[in-house]
């Protein structure tokens with residue numbers, strides 16, 4: 001970063017804008033890091049001289065004990081951090097249709113939003129959440145043990161905690177195999193952080209000896225050796241730490257973890273498993289987890305600077321003239337310093353921020369290698385990485401040496417409904433080029449008439465005219481392979497191309513490029529924007545991969561579709577030429593359902609919509625009158641009486657087949673669901689992604705017929721992948737096969753099986 005002055009007296013700041021470094025979020029005012037006045041001053045003074053550091057370790061976002069973290073960070077002013085092995089990429093999504101890496105982006109930002117509230121730092125390893133696993137061995141088959149442990153060693157050596165707290169036990173009682181791994185490696189890193197033979201200093205940082213190791217005992221309190229009241233009241237904040245924790249945990253909205261705040265005593269438990277400072281003292285005799293640890297304050301100059309800024313009520317702003325800066329271009333950013341709301345006119349100046357790197361999640365810049373992200377691991381927390389790209393502003397206070405304050409560059413505007421809106425300044429290509437979808441299905445050998453939507457987003461400060469060219473695979477043609485488009489400054493525009501023809505079975509690529517003189521842009525971003533997290537941008541190549549499948553779909557079928565959770569199935573069905581119309585659960589009482597040959601309920605839709613539960617009787621009546629109802633998997637809610645025509649039960653934990661390559665036995669090959677219009681064979685179960693089936697019933701009413709049998713290695717077979725039964729004049733089919741993952745990923749067998757469920 002270099003600051004220079006030009007002939008006009010402006011300072012130019014050449015800054016590489018990295019992924020997600022400019023953060024503007026809406027958080028409760030009592031916890032806003034920019035809060036001025038008594039609260040900020042008291043917080044700064046209470047945190048001065050912090051000497052103790054605690055690292056909490058779990059497997060996923062939402063695994064953390066937010067009550068303990070808030071109590072430590074806000075209550076006891078211990079420098080606290082949460083290390084999540086993964087970013088939660090393999091889960092489901094209750095707030096949108098993003099899955100996989102895109103969901104990992106959302107859950108990463110949810111963790112960072114949570115940490116802004118409870119006051120802790122946030123770390124990750126390179127481990128990709130590949131989905132549910134049943135054992136630690138299964139997880140280690142995806143994650144090289146020493147690679148993940150090495151990442152954890154770097155975090156411990158960089159953060160230097162005196163105490164490690166493992167959320168999990170490291171045993172099968174943790175359930176999820178990834179949870180077990182987190183528990184196992186938490187104990188290993190306790191020792192490994194000081195082992196310079198296995199983890200040499202030149203690669204992993206200077207060794208560090210952790211003094212104490214605890215495991216969480218929230219769910220087995222009899223195992224606890226020490227307790228703490230995390231419901232204590234903070235008179236400065238006017239809240240209990242349990243209330244702060246509830247707000248923190250409620251940031252995990254994609255997982256449905258909204259939590260009501262609690263008042264009164266709330267007891268948390270830990271179990272001491274090792275100590276290097278008071279080992280002779282029985283764990284049950286400890287009165288504090290910091291017993292034996294030097295907690296003498298060590299006030300630094302940075303502490304004194306924070307106190308001085310808080311006492312002076314300093315607020316620093318850096319407001320950009322645009323929301324995006326084009327790669328290689330610069331944007332003016334206006335700097336101002338306020339003291340107790342009064343502008344310091346001498347502080348006003350303008351810097352020019354040059355966009356040198358595209359703003360995107362740093363862990364996605366390079367393609368994954370197996371189930372590890374391909375970035376160089378280090379000991380930098382994601383919240384510190386976030387602040388690394390903020391602008392430095394020098395603040396001078398009377399009687400105090402100049403203080404450098406870092407502040408995010410933002411774009412600000414007024415919305416007539418929302419009021420003031422702030423967005424982080426980001427760097428993007430001059431013209432971002434993005435298809436609406438990057439994976440599609442098609443019927444092999446059948447006439448194809450497909451519209452491709454290409455979204456262009458300009459980051460230039462003036463109008464630009466570009467040529468958008470489309471490259472089609474053999475078998476497709478268009479009468480408009482290129483278009484001339486004028487984009488106004490910062491404008492977004494969507495153009496369509498129509499392609500016709502036929503495709504042979506296999507993968508085919510459609511590509512787009514925006515040409516502006518010598519500049520050729522062929523990548524673009526998908527915005528990920530939710531009110532509770534920092535906006536993010538996911539980049540991908542401007543191409544569409546079309547999987548042409550040998551599949552027959554029922555003629556003249558009309559499908560009604562109730563959207564589920566993380567559900568992209570409807571678009572995939574439309575790709576196959578099926579007429580699909582969305583159904584709002586609220587309209588079920590007033591909709592003529594008989595016009596649909598089949599109604600499909602998306603995955604976990606009953607969990608996501610109480611209206612669907614309340615109006616389920618109309619779906620049951622539709623079946624009894626001759627309709628075809630296909631319900632994709634749900635969770636424990638599916639056991640509620642009356643939700644399904646005949647009862648099922650789920651074990652705890654629910655049965656799954658997590659091995660996507662597990663053998664499948666076809667029990668009724670001549671059953672219509674497996675024989676027409678597509679004959680389903682073993683070949684249709686090749687190339688599956690992430691899992692075979694999830695939340696499979698362990699028992700079910702004998703009126704259900706079974707189609708398939710499968711199991712993970714060493715487990716008993718389960719035949720509840722597809723359950724179907726006659727109900728009145730119609731048919732009810734319950735599907736726990738992970739088709740909601742196969743169709744959006746264009747797995748041919750998944751498309752053929754789903755086509756057979758329709759009529």
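The values are calculated or read from the model by the stated rules, or taken from the named source; none is laboratory data. Since the model is a prediction, treat every value here as computed from it, not as a measurement. So basically every Cβ, Gly included, is an ideal-geometry build from the backbone, and we count neighbours across all protein chains shown.
Here are the numbers for this structure:
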quantity: Extreme residue, surrounded by the fewest Cβ atoms within 10 Å (Cβ to Cβ), among residues of the range 571-588 that are assigned to a helix (DSSP H, G or I) and free of Cβ contacts under 8 Å to residues at least 24 places away in the same chain; calculated: 587
quantity: Residues being over 22 Å from residue 139 (Cα atoms) and surrounded by 15 or more Cβ atoms within 10 Å (Cβ to Cβ) - total across the range 684-717; calculated: 10
quantity: Helices (runs of 4 or more DSSP H) lying entirely in the range 32-130 (those with 2 or more residues that are assigned by TED's automatic domain parsing to the domain that holds residue 164 and more than 30 Å from residue 224 (Cα to Cα)); calculated: 101-118
quantity: Residue 391, sole failed condition from (1) surrounded by fewer than 20 Cβ atoms within 10 Å (Cβ to Cβ); (2) touching a residue at least 40 places away in the same chain (Cβ under 8 Å); (3) closer than 18 Å to residue 320 by Cα; calculated: (1)
quantity: Residues located in the range 148-197, provided they are closer than 19 Å to residue 373 by Cβ and in contact with a strand residue (DSSP E or B) (Cβ under 6 Å, 6 or more places away or on another chain); calculated: 148, 155, 182
quantity: Complete set of residues in the range 415-438 that are within 19 Å of residue 338 (Cβ to Cβ) and free of Cβ contacts under 8 Å to residues at least 60 places away in the same chain; calculated: 420
quantity: Odd one out for residue 665, checked against (1) surrounded by fewer than 17 Cβ atoms within 10 Å (Cβ to Cβ); (2) farther than 21 Å from residue 715 by Cα; calculated: (2)
quantity: Residue ranges of strands (runs of 3 or more DSSP E) in the range 358-472 with at least 1 members closer than 30 Å to residue 344 by Cβ; calculated: 391-395, 403-407, 410-415, 419-424, 426-428
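The rows are residues; the columns are (1) buried (at least 17 other Cβ atoms within 10 Å of the Cβ); (2) under 30 Å from residue 52 (Cβ atoms); (3) touching a helix residue (DSSP H, G or I) at 6+ places or on another chain (Cβ under 9 Å).
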{"site": "309", "(1), (2), (3)": "yes, yes, yes"}
{"site": "325", "(1), (2), (3)": "yes, no, no"}
{"site": "329", "(1), (2), (3)": "yes, no, no"}
{"site": "337", "(1), (2), (3)": "yes, no, yes"}
{"site": "357", "(1), (2), (3)": "no, no, no"}
{"site": "360", "(1), (2), (3)": "yes, no, no"}
{"site": "370", "(1), (2), (3)": "no, no, yes"}
{"site": "379", "(1), (2), (3)": "yes, yes, yes"}
{"site": "384", "(1), (2), (3)": "no, yes, no"}
